[in-house]
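Trainee: Please find one structure pasted underneath; my questions will follow.
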Amino acid sequence: MVVRRKPEIMSPAGYWPQLRAAIEAGADSVYFGLHHFTARAKVGFGLDELPEVMQTLHRRGVRGFVTFNTLVFDHELREAARTLAAIAEAGADAIIVQDLGVLKMARAIAPDLELHASTQMSITNADGVRLAERFGASRVTLARELSLAEVRAVRAATDCELEIFVHGALCVAYSGQCFSSEAWGGRSANRGQCAQACRLPYQMIVDGKLQPLGDARYLLSPGDLFALRQVPEIVEIGISALKIEGRYKDAEYVALATRAYREAVDAAWEGRTASVDRAREIELEQVYSRGFGPYFLTGTNHQEVVRGRAPRHRGVLMGRVSRVADDGIWIETAETHAVSPLKPGDGVVFDAADWRSPEEPEEGGRVFEVKDRGKALEVRFANGSIRAGRIHRGDLLWRTHDPETDKAAKPYLEPAAPVRKQPARVRAVASEGEPLTTEWRAGEVTVTVRSEAALGPARNRALDEAFLVEQFGRLGNTPYELVSVELEAEAAVFAPSAMLNQVRREAVERLQEAQGKLPSRVIHHVEPELPDSPASANQEPALHLLVRTPEQMEAAIELRPASLTLDYLDLYGLRPSIEKVRAAGIAVRVAAPRVIKPGEERIVNFLLGCDCPILVRSAGLLDALRERSHPELIGDFSLNAANALTVAELLALGLAVVTPTHDLNGDQVSRLARESGADRMEAVAYQHLPVFHTEHCVFCRFLSSGTSYRDCGRPCESHRVSLSDDKGRAHPVMADVGCRNTVFGAEAQEASRHLEAWLEAGIRRFRLEFVHESAEQVTRVTRAFEETLAGRRTPAELGEQLRRLSPQGSTEGSLYVPEGYRTLPVLQ
C-alpha cells in the first residue's frame, strides 16, 4: 500500500548558480548530471565536484539526484561501473537511469543507493513500472504524454513511487524514442546530444501536394508544459515528485519556477484553495516559454500541443500592431497588459511569422517610451534601434525580457541570508546541578548539545519554554528556523542567556556537520562481466521483411522471405493478412505499438489472439507477456539494447531475438553480436529510420478540426503525408493503432558497407523495413539483398543499386562509423 506523503518539488540544475537558486526557492530535491552518461551533455558537474555538491544540498535539507540517463556502450561499461561507485561514495541520494543493463549493474555496485527509472525509458503504464521495479528502481518517471486520468490508473495499479513532469519544455517525440539527431547529424539524443531537429520549420506534403499551414511552420515544435493549475489534482493522486524541466535554463528560470510550484504544493497539501495568480503565470511565461499549457496532462487536444508559429522563447504576448507610424508603433494590447503593463526598459520582438521567412531575423529591441492612446499604446524606440519598415500591421508584439522578472528572482540568486529555512525542533532537559541537555532535530538529523556549565536554582526568572523559544529562535543567518520547543524540568532552574546562546551556536554547527556528512554505504567495486555468448550456428543468411501496406504484403509474399512482419495502422485488419501469409507457407509476425497506455490492454489481448510471433517494441509489453502463454517474442530497436548486459537481461525476460538500438553504429552492431550471441541478433539492413515517435498527430492537427481520434475523421486512413525540411527531403509520416505518429527519414538507411562485417560476426538474420515504397520497390530492394547475400552481387554494387531504387536516395545514417572509432577498447 502506498503511504501518502507530501510530494517533492524536484528542480533542475545545470551548474552551481541553478543549484543554489533551487535550494533557496524551496526545492525538496535537485537533479543534475555529470559531464558524461547524462541526457544533457552540455551542462553538469565534474565527478570531483560531486562531494561538495552533495554536502551543499544536504546541509540545506535538499536531496540530490544524479542523472545517469543515457545508453551505455560495451566499451564504456568499466568506466560506467567506476563512475557509479564514485557517485554512491560521494553521497548522492539517487541516480536516474535509462539503460536496463546499467540499472542492474548499479544495484550490484551500490545495493542501498536509490535508483530511479528515467523518462527516457518511455514508461507509459503499470507494466512498464513493474519491469523497472524488477531491476531495482524504487521510483519511475512516467512519460510526459500521459493524461492525469492515465497517471491515476498507473497509481492505482502499483505501489512504486511515481514522478511526473509539471513544467518546462516538451519534446515532440517520446523520450528515448527520438532518433532524429542520430539520423541527421550523428548526435544521439539517447546519449545527451539532442540537436533539436523538432524545432526546425517543415512543410506538409499531402498526397503529393503542398498543404497550406498558415503561420504553423514549426509543426513539430510543442509549447511548454505549465501545470500549476493541476497541482491540487496531482497531489491528490499521490504523485511522489513534481519535476521541473530545465537543466539548460538559467538560474532565474529555476528560481521562479521552483518558487511557484513550492507555493502551489504547500497550499494543496494543507487543503487551502489557491487559485493561480495571473501575475505569477505571466512571470513564468516571461522568464521562459514557447507558449504555456497543460497539454497531455488534461487529455489529448492535437489543436493545442503544437501551435507552430515559432520554435523559441517568446515571452509574454503584449498585443498586435495596429499602426506603423514614423515616430512610433501603435499596439492593440492583449489582456496581459492589464496585469503586467508594457513599460520603458522592456525587451520586445515583433513577430511576423505569417509572412516573413524563418531565416530572417526579427525586429526588436528595448522600449524607450510608452504612451497611452486610449484603446492602444504607442511604443517608441531609441533612434535607429529598429527598422520600422520591416514591421507590419497585424504583427504580434512579444515582451521577451522584463527587468521586473530579474528583481523577482534576485532574492534567490544573491541572498544576504538563507531564504529557505529548515524547521528545527528542540527538546530540552533541565535539572539543577546538571548541564542543560538539548536535542535538536532538523530533517532526518538529530544532534545532542549540552551546556558547559551546570544549571543553578532560579532566584528570579525560572527557565521556561518561552525563554528557550526567545533565545533558541535567534537563528538569524543560519539555514534553520525554530518551530517547536519542548522543555522537561524537574525544578525551577536558571539558565543565563550566554549559556543558551552558546548552546544554540554549537547546535547549528553540529547540525550542519551532521547533515553534510557523507552516508555510510555498502559499495562493491565490481567489474562488469559480460555473459558468455553461445557459439553461432553456421546458418544461411535469411531476410525478414516488415511491411506496412497490403500492396507491400502482396509483393513480399511472392518473395518468400524467412518471415513477414505486418505493421499496420489498423490492428483489426490484420487477421485476413495473417491468414493470407500463412496460407502461402511463410512465417508471419505482427508488430506491436511502441507505446501502450492504460486502457489499451485490449491491444495486448489482440496480439496474443493472433497466435504468431510478436515484434515487441515496449518494455511494458514485454513485462505484460512474461507470465502469459505466447508465441516467439522478438525485441525491436525501441527497447534500446546498446550493450551486452542489456541484451542478456532482455533475453532473460523472454525474448528469443533482440534488435540492436539505432544508437549503435555499424561496427558496434558487429561487436554486440559477438558479445551477445549472433544467433540472438536481428539487424535492420534497410529501413527509413523512425526519427520521431510522437503522441502528437499531424493528421488530426492539420487535416481536420478535431481534437483527437474521436472527432478527427481519421484522415490518416485516406491520405499519404510527408514533412519536407529545408533541404527538400520529404519525411514520410504514418499513424499507428494508438493514433501516434512516426516520422520516418526521407532517405533509406542501408547497411551495404557493413554486411560483410556483420556476416563475419555471425549475424544471419537481416530485416528489411518498408514505409511508402511501392510493391515494385519492395521487390527490387529485396532481390538486390538476396543476390548480395548469395554472392552474386558485391556489397558496393548493392549500395549503388539501393541509391537508385530508394524513393529519395539512401544513406548510411546512424550506421556510420566515425574515424578512429575502431581504436576504442573492447570489454573482455
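The values are calculated or read from the model by the stated rules, or taken from the named source; none is laboratory data. Note that the coordinates shown come from a computational prediction; the quantities given were computed from them, not determined experimentally. Cβ atoms come from the backbone with ideal geometry, glycine included; neighbour counts cover every protein chain shown. All accessible areas refer to the heavy atoms of the entire protein, side chains included, with ligands and DNA or RNA removed. Shrake-Rupley method; radii C 1.70, N 1.55, O 1.52, S 1.80 Å.
Trainee: Carbon-plus-sulfur fraction of the accessible area of segment 617-736, 1.4 Å probe, in percent?
Mentor: With neighbouring chains kept in place, the figure for segment 617-736 is 44 percent.
Trainee: Residue 469 to residue 817: FRET efficiency via 1/(1 + (r/R0)^6), r the Cβ-Cβ distance, R0 51 Å, to the nearest 0.05?
Mentor: On the way: r = 70 Å, r/R0 = 1.37.
Computed FRET efficiency for residue 469 and residue 817 comes out at 0.15.
Trainee: Evaluate segment 597-723: find the radius of gyration of its Cα atoms, find its Kirkwood radius, and give the ratio Rg to Rh.
Mentor: 1.04
Trainee: Within segment 86-112, which residues have the backbone N less than 20 Å from the label spot 7 Å out from residue 522 along Cα→beta-carbon, could you tell me?
Mentor: Backbone N within reach: 86-95, 103-112.
Trainee: Mean separation of Cα pairs under 8 Å and 6+ residues apart, divided by the residue count of segment 288-351: what relative contact order is that in percent?
Mentor: Values: 50 pairs, mean separation 15.8, N = 64.
25 percent.
Trainee: Right, another one. State the percentage of accessible surface on segment 417-505 attributable to carbon and sulfur atoms; use a 1.4 Å probe and exclude ligands, DNA and RNA.
Mentor: 45 percent
Trainee: Given a cut-off of 28 Å, what percent of all Cα-Cα pairs of segment 681-828 lie beyond it?
Mentor: Beyond 28 Å sits 33 percent of the P(r) for segment 681-828.
Trainee: Give me the distance in nm between label points sitting 7 Å out from Cα along the Cα-to-Cβ direction at residue 215 and residue 783, one decimal.
Mentor: 5.3 nm
Trainee: Debye calculation, C-alpha points only, no solvent: report log10 I(q)/I(0) for segment 216-368 at q = 0.10, 0.13 Å⁻¹, in the same order as the q values.
Mentor: -0.44, -0.72
Trainee: Given that compact globular proteins tend to follow 2.2 N^0.38 Å, what is the ratio of the alpha-carbon Rg of the chain to that value?
Mentor: 1.07
Trainee: Then there's this: Could I have the simple spin-label model distance between residue 719 and residue 502, label points 7 Å from Cα toward Cβ, reported in nm to one decimal?
Mentor: 8.2 nm
Trainee: log10 I(q)/I(0), Debye, Cα-only segment 306-402, no solvent, q = 0.20, 0.21 Å⁻¹?
Mentor: With one equal scatterer per Cα and no solvent, log10 I(q)/I(0) is -0.97, -1.08.
Trainee: Here is a follow-up. Could you pull out which residues in segment 780-822 have an amide N less than 19 Å from a spot 7 Å beyond the Cα of residue 558, following the Cα-Cβ vector?
Mentor: 780-787, 805-807
Trainee: Stretch residue 601-residue 207 to full length: gain in nm at 0.36 nm per residue minus the Cα-Cα span?
Mentor: Full extension from residue 601 to residue 207 adds 138.5 nm.
Trainee: Taking 7 Å along the Cα-to-C-beta vector as the label spot, tell me the residue 579-residue 608 distance in nanometres, rounded to one decimal.
Mentor: Each label point lies 7 Å from its Cα, and together they span 2.3 nm.
Trainee: Relative contact order (percent) for segment 246-331, with alpha-carbon contacts under 8 angstrom and 6 or more residues of separation?
Mentor: RCO, segment 246-331: 21 percent.
Trainee: Applying a 10 Å radius around every beta-carbon, put 650-657, 665-672 in order of their mean neighbour count, most first.
Mentor: 665-672, 650-657
Trainee: Which of the helices in the chain meet the span-like rule: DSSP H, Cα axial reach of 20 Å or more, Kyte-Doolittle mean at least 0.0? Mind dumping the intermediate values first?
Mentor: Numbers: long enough: 251-269 (27 Å, 0.06); 497-516 (29 Å, -0.80); 775-789 (21 Å, -0.43).
Long hydrophobic helices here: 251-269.
Trainee: When the accessible area of segment 138-277 is computed with all protein chains present and a 1.4 Å probe, what percentage of it is carbon and sulfur?
Mentor: Here carbon and sulfur together make up 49 percent of the probe-accessible area.
Trainee: If the rule is a partner Cβ under 4.7 Å, which cysteines in the chain fail it?
Mentor: 160, 171, 178, 194, 198, 610, 612, 716, 739
Trainee: In addition: I need the P(r) histogram for segment 96-146: all alpha carbon pairs, bin width 5 Å from 0 out to the longest distance, whole percents.
Mentor: Bins of 5 Å from zero give 5, 25, 35, 21, 10, 3, 1 percent of pairs.
Trainee: For segment 330-475, what is the per residue volume of the convex hull drawn over the alpha-carbon atoms, in cubic angstrom?
Mentor: Hull volume over Cα atoms, normalised by residue count, gives 241 Å³.
Trainee: Once you sort the root eigenvalues of the Cα gyration tensor of segment 403-546 as a ≥ b ≥ c, which label holds: rounded (a/c under 1.5), prolate (a/b larger than b/c) or oblate (the other case)?
Mentor: prolate
Trainee: OK, next. Would you mind checking segment 755-788 for residues with the amide N under 13 Å from a putative spin-label position 7 Å along Cα→C-beta of residue 75?
Mentor: none
Trainee: Right, something else. For residue 569 and residue 419, FRET efficiency with R0 = 45 Å and r from the beta-carbon atoms, rounded to 0.05?
Mentor: Working: r = 54 Å, r/R0 = 1.20.
That pair, residue 419 with residue 569, gives E of 0.25.
Trainee: I would also like to ask the following. Using alpha-carbon pairs under 8 Å, 6+ residues apart, how would you state the relative contact order of segment 489-591 in percent? List each step's numbers first, then the result.
Mentor: Numbers: 70 pairs, mean separation 19.1, N = 103.
Relative contact order comes out at 19 percent.
Trainee: Computed FRET efficiency, Cβ-Cβ of residue 195 and residue 477, R0 41 Å: what is it to the nearest 0.05? Can you show the working numbers first?
Mentor: Values: r = 45 Å, r/R0 = 1.10.
Approximately 0.35, to the nearest 0.05.
Trainee: State the antiparallel share, in %, of DSSP beta bridges confined to the chain, rounding to the nearest 5.
Mentor: Around 50 percent of the beta bridges assigned by DSSP in the chain are antiparallel ones.
Trainee: If you count only protein heavy atoms with a 1.4 Å probe, what accessible area per residue comes out for the chain, rounded to a whole Å²? Numbers along the way, then the final one.
Mentor: On the way: 32520 Å² over 828 residues.
Per-residue accessible area for the chain comes out at 39 Å².
Trainee: About the Cα centre of the chain, how large is the charge dipole given +1 on each Lys and Arg Cβ and -1 on each Asp and Glu Cβ? Please answer in debye to the nearest 20.
Mentor: 1020 debye
Trainee: Which of the residue pairs 249/727; 243/421; 209/580; 243/410; 249/517; 42/243 have a Cα-Cα distance greater than 28 Å in the structure shown?
Mentor: Beyond 28 Å between Cα atoms: 249/727; 209/580; 249/517.
Trainee: Another one. Using the Cα centre of segment 502-600 as origin and beta-carbon charges of +1 (Lys, Arg) and -1 (Asp, Glu), tell me which of 516, 565, 546 is placed farthest towards the positive end of the dipole.
Mentor: 516
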